[in-house]
1. Over the chain, calculate the relative contact order: mean separation of alpha carbon pairs under 8 Å at least 6 apart, over the residue count, as a percent.
2. With a Förster radius of 22 Å, plug the Cβ-Cβ distance of residue 346 and residue 31 into 1/(1 + (r/R0)^6) and report the FRET value to the nearest 0.05.
3. Kirkwood-based Rg over Rh for the stretch 12-138 (C-alpha set), two decimals?
4. So what is the 222 nm mean residue ellipticity for the chain from helices alone, if each DSSP H run of at least 4 adds -39500 (n - 2.57) and you divide by all residues, rounding to the nearest 500 deg cm²/dmol?
5. Sorted by average packing, counted as other Cβ atoms within 10 angstrom per residue and highest first, what order do 136-143, 325-332 take?
6. Taking the 0 to 90 degree range and rounding to the nearest ten, how far is the long axis of helix 156-170 tilted relative to the main principal axis of the chain, both from C-alpha atoms?
7. Cα centroids of the stretch 280-334 and the stretch 34-48: how far apart, whole angstrom?
8. Compute the helix-to-body angle for 325-336: its Cα long axis versus the longest principal axis of the chain, expressed 0 to 90° and rounded to tens.
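Read-outs throughout are calculated quantities, based only on the coordinates presented, and are distinct from any laboratory measurement. Computed from a prediction, not measured in an experiment: that's the story for all the values here. Positions of Cβ are generated from backbone atoms using ideal geometry, with glycine treated the same way; all protein chains shown enter the neighbour counts.
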């Protein structure tokens, strides 16, 4: 494979055998089903067939990849194996003698690098929580439930240990270790990084922060057997094994699992992350579908691959298609107009003027909010409230998104357990659902992704409030019911 047109944007999707009309239908359905995608990128025959981002996201904006990070760690392990620094049959306990209990259970003592790569550890659950000071330690100090190398059981602590192994042997963060031989050569973002665990190693199970293009390049390299252009940047034999079925998980409704990489139908494989981060590769079709999203807590959380399989995959042609300038123009226009959808509903309600600027005192509630008020001006609004941290102000759009900062400063930053006092970037919209109910939706768009949905319902002098959050390890203060009365 030459490098002349590698990862270049094609003249049209049709030139790569993909109808513009199919991509357009895919995007229309994503929006129609209100699936919160942030970006998509289609690669066919080593070129970009189409790419787009829902504002405020963009091509150069880095995104949390969640468990896609696991696949990156697996590739780092493969590089170390290729360099003779470790083997698949190495016992992981041998790399961390300082973290072992006095008596190590035989099942734990026999767990190998291969067992951790295939999610066949001796554990039935991830060993750490956000409050544990040393996540690697927890892996070796949790009682095992079954012999390693037997049953698939998804265990993010396994990847934490693998990442820590790479960093212990290389003396540097695992992404930095991968750079000279691999990441730099494929044009991976030089400022991509990884959230750290409480003990300071890379959170390889969930913490990689990079662009969608970075993800697509890594997936494309694996689809091509570790080759980028004319260079073998990853060991071919290991990549083939990593993307092949190494252990069964069909009882869970899957197609098998390789080395921290999922198997898919049509001889495909995929990198997958919470909230619908995907790189789904179909080597037989030379087609890769990648996307970044935040579907946490959504009923349509796993819908994106389904929509792709129904609207895109069946229309892939093995030969170039006739150009379709009208469809391509319509697709281009659609991509230019993509934006995170605002909450649907009405822009106004009769009660809005009655409650505008009015303070409400709230009874004791799980959120710890003592008082609040809503104010409206045109297609914007302000929510003011007081909780245990003090007085808060949040600006929101009505029928539109408004970008801002979420007014809570007790959340994690670059390292789990460390609180730098920052406020997360967010985008907020609201809408009147009926004559007494205003709903609000907050999307956190920072290093950490998540959502908060709030319903404010008014009845005479009284107010009822309901809050529900969809986020990992933050927004915990915003969950439950509250009620109060106008001051």
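1. Numbers: 1088 pairs, mean separation 77.8, N = 487.
About 16 percent, as a whole number.
2. Details: r = 20 Å, r/R0 = 0.89.
Once rounded, the FRET efficiency stands at 0.65.
3. Values: Rg = 21.7 Å, Rh = 19.0 Å.
Ratio of gyration radius to Kirkwood radius for the stretch 12-138: 1.14.
4. On the way: 12 runs with 110 residues, N = 487.
My calculation for the chain gives -6500 deg cm²/dmol from helical runs alone.
5. Values: 136-143: 19.8, 325-332: 15.2.
Taking the mean over residues of other Cβ atoms within 10 Å, the ranking is 136-143, 325-332.
6. Long axis of 156-170 versus the principal axis of the chain: about 60 degrees.
7. Cα centres, the stretch 280-334 to the stretch 34-48: 7 Å.
8. 70 degrees
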